[in-house]
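Accompanying notes for the structure given below.
What follows draws every value from the coordinates through simple rules; no lab data is involved. Note that the structure is a prediction, hence the values are computed from the model and not measured. Cβ placement follows ideal geometry from the backbone for every residue including glycine, while neighbour counts extend to all protein chains displayed.
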Amino acid sequence: MSHGFPLQKLRPLIILAGILMGGAVLYLARGVLIPLALAFLLTFFVHPIVSLLERLGARRVVSVTLVVLLLFSLLAGGGWAVLLQFSNLSHDVPRYRDNLIEKIAHVRGVRKGGALEQAQSAAKEVAQS
């Protein structure tokens with residue numbers, strides 16, 4: 001006779017339910033957890049720079065301020081580059097549009113009387129026989 005715990009048979013289901021609930025909580029909290037994870041990761045990247053500035057004689061507040069200004073400058077520069085690329089793309093859209101229309105017309109022309117259409121007509125003839 002077994003003297004085991006009555007929930008011993010349900011243990012795999014309880015573990016599965018715990019995993020599913022944990023996943024659901026992480027999914028629902030992603031709006032908070034993702035920025036926190038990115039901030040934590042960013043801390044690892046900037047800490048050596050802040051430490052270097054402190055070793056060179058700057059106080060912590062000054063070091064952190066300089067590093068934050070550097071990061072914002074890099075972010076602004078990246079945003080400016082993306083904005084310039086988007087501007088160039090918006091000026092070239094008519095050329096791309098005409099090119100796409102030409103290619104689509106070519107594909108439609110190849111399709112008429114092509115191998116696929118011949119195979120379809122042959123299949124229809126066989127089905128009607």
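The sole residue among Val62, Val126 that is over 30 Å from Leu7 (Cα atoms), of a type in the set (A, V, I, L, M, F, W, C) and surrounded by 11 or more Cβ atoms within 10 Å (Cβ to Cβ) is Val62. Each residue in region 52-84 was checked for being over 28 Å from the mean Cα position of the chain (by Cα) and in contact (Cβ under 8 Å) with a residue 12 or more places away in the chain, and 4 pass.
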